[in-house]
Amino acid sequence: LVFGDLAWVPFTYSLPAKYLVEHDPHLPTLTITCILGLYLLGFYIFRAANGQKDRFRRDPEAMSHLTYLQTKRGTKLLTSGWWGRARKINYTGDWIMGLT
């Protein structure tokens with residue numbers, strides 16, 4: 001997960017930007033700023049959601065403000081925080097980054 005978060009995701013999602021640098025479409029500064037802001041929003045959602053889930057799995061007591069359901073398998077399913085907003089909220093961040 002760490003390798004993917006720190007190496008794979010930034011590498012693959014930066015490829016379109018590399019293409020645009022080599023083939024300048026002459027975008028206005030405001031458009032470029034909006035695209036960058038949207039990308040950063042997606043990256044924030046992706047990292048924050050994965051970080052919250054990771055902290056909860058490592059030390060549920062430290063994340064006691066989060067609610068969860070006990071599953072039949074014995075695992076805990078987060079029902080608040082980032083994971084209370086959507087079942088796979090980290091993919092929303094991925095999708096936003098891919099869109100930009």
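The values are calculated or read from the model by the stated rules, or taken from the named source; none is laboratory data. This structure is a prediction, so every number in the text was calculated from the model and none was measured. Counting neighbours? That spans all protein chains shown, and the Cβs are built from the backbone with ideal geometry, glycine included. Accessible surface areas use protein heavy atoms only, side chains included; no ligands, DNA or RNA. Shrake-Rupley method; radii C 1.70, N 1.55, O 1.52, S 1.80 Å.
At a glance:
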read-out	value
Within the chain, helices (runs of 4 or more DSSP H) holding 2 or more residues that are without any contact (Cβ under 8 Å) to a residue 40 or more places away in the chain	9-22, 29-58, 82-85
Evaluation of Ile35 against (1) under 18 Å from the mean Cα position of the chain (by Cα); (2) open to solvent by 50 Å² or more (accessible area, probe 1.4 Å); (3) at pLDDT 95 or above; (4) of a type in the set (A, V, I, L, M, F, W, C) (one fails), failing number	(3)
Filter result (open to solvent by 60 Å² or more (accessible area, probe 1.4 Å) and modelled with pLDDT under 90) within the range 89-100	Leu99
